[in-house]
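Below: one structure, written as structure tokens.
The values are calculated or read from the model by the stated rules, or taken from the named source; none is laboratory data. Just so you know, these numbers come straight off a predicted model, no measurement behind them. All Cβ positions, glycine included, derive from the backbone under ideal geometry; neighbour counts span all protein chains shown. These accessible areas exclude ligands, DNA and RNA; they are computed on the full protein's heavy atoms, side chains included. Shrake-Rupley method; radii C 1.70, N 1.55, O 1.52, S 1.80 Å.
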Amino acid sequence: MIDLHIRFVTQLTKRILPIMEKNNYGHILNIGSTGSFIPSPSAAVYSATKAYIMSFSNALYGEYENTEIKITLLCPGATETEFARKANIEHTLLFKFAVMKPDKVVKIAYPKMIEGKRLIIPGLYNKLLVFFSKIMPIKITNKLTLIMMNNH
């Protein structure tokens with residue numbers, strides 16, 4: 001996970017940015033998560049690596065803000081993919097409601113990426129989740145995360 005979310009994203013970006021700089025044009029869409037904002041006691045490394053992607057993307061956005069190179073961070077919540085099954089979290093509360101279909105995430109994200117939007121959080125539930133995670137004490141956030149990630 002660290003190799004994929006941190007090393008790979010960083011190295012791929014390092015390789016592609018010089019080409020974009022030469023052309024003064026390009027779009028980078030990094031995939032974060034609502035977990036980028038929420039430390040998760042049940043998925044500590046996942047949330048930490050997604051937080052890295054968020055920090056990395058925000059920094060690049062600042063570096064390239066006045067160019068035609070656009071950096072966008074997409075932070076979906078639970079999405080109907082193989083991820084939940086492979087991570088053995090498909091029966092958790094997190095994946096029981098407000099799960100988005102991938103095509104819906106793409107329909108929301110793509111036009112905003114083309115506009116050069118810095119951050120995309122698709123879905124009202126996900127926006128509220130991120131908002132409340134910023135104002136709630138970490139003790140409460142941690143307890144709620146454990147409840148949401150508990151296999152039932």
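In table form, for the structure just shown:
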item	result
Set Lys107, Lys22, Lys14: member being in a helix (DSSP H, G or I), under 18 Å from Ile121 (Cα atoms) and out of contact with any strand residue (DSSP E or B) (no Cβ under 6 Å at 6 or more places or on another chain)	Lys107
Within the stretch 1-30, considering residues that are open to solvent by 80 Å² or more (accessible area, probe 1.4 Å) and among the aliphatic types (A, V, I, L, M), the one nearest to Asn151 (Cα to Cα)	Met1
Test: residue in the stretch 81-100 that is within 18 Å of Lys127 (Cα to Cα) and touching an Asp or Glu at 6+ places or on another chain (Cβ under 8 Å)	yes
Residues (open to solvent by 80 Å² or more (accessible area, probe 1.4 Å) and at pLDDT 90 or above) located in the stretch 83-113	Lys101, Asp103, Lys104, Val106, Lys107, Tyr110
Scope the stretch 119-150; condition in a loop (DSSP other than H, G, I, E, B) and surrounded by fewer than 17 Cβ atoms within 10 Å (Cβ to Cβ); matching residues	Met136, Pro137, Asn150
Selection within the stretch 83-131 - within 15 Å of the chain's Cα centre (by Cα) and at positive phi	Gly123
Complete set of residues in the stretch 105-125 that are more than 19 Å from Asn58 (Cα to Cα) and touching a residue at least 24 places away in the same chain (Cβ under 8 Å)	Val105, Gly123, Tyr125
Only one of Ile53, Ile71 that is part of a strand (DSSP E or B), in contact (Cβ under 8 Å) with a residue 40 or more places away in the chain and under 17 Å from the mean Cα position of the chain (by Cα)	Ile71
Conditions (1) touching a strand residue (DSSP E or B) at 6+ places or on another chain (Cβ under 7 Å); (2) charged (D, E, K, R); (3) open to solvent by 80 Å² or more (accessible area, probe 1.4 Å); (4) more than 18 Å from Phe37 (Cα to Cα): number failed by Glu65	(1)
